[in-house]
1. With a Förster radius of 25 Å, plug the Cβ-Cβ distance of residue 70 and residue 142 into 1/(1 + (r/R0)^6) and report the FRET value to the nearest 0.05.
2. Provide the packing ranking of 119-132, 25-38, i.e. peptides ordered by the mean count of other C-beta atoms within 10 Å per residue, highest first.
3. Could you check the simple spin-label distance between residue 95 and residue 128, using points 7 Å along Cα→Cβ, in nm with one decimal?
């Protein structure tokens, strides 16, 4: 149960939608089923890699279904509590992370939320450790200049400049 919660959290942070996260996890587990006899020693990292790869293919293949309208729809409710377990709550930071390209978002989620090492992330994503480092640096640079984070709940940049902090 603890493993499925962590895998669902990873899927949620990648998709930023609880229903899509459940679908992503279910699809990934179905893909892993045929190889389960080979991965019994460490299924979590194997399934996590399938989650990231499946998310990437979904992003490339799927149209997001967004249509321009004159009136904005009501925001979808987020699910901070599911099954008694805490799932990430939407904030300005996670909105900014959601705007990152998919590989950078995957690196940020795995590195800073799942607390995985660069070597582990490289293995999960099937890239070199140097790629993980460069994608992490590019993602952090984008997050540092994201206006939603800069003009968040703290004092604005103009107010920071006036009081010298």
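Values in this text are rule-based calculations from the coordinates and carry no lab data. Quick caveat: nothing in here was measured; it's all calculated off a predicted structure. Please note: Cβ atoms are built from the backbone with ideal geometry, for glycine as well, and neighbour counts cover all protein chains shown.
1. Efficiency, from the Cβ-Cβ distance: 0.25.
2. 119-132, 25-38
3. Each label point is offset 7 Å from its Cα along the Cβ direction, giving 3.8 nm.
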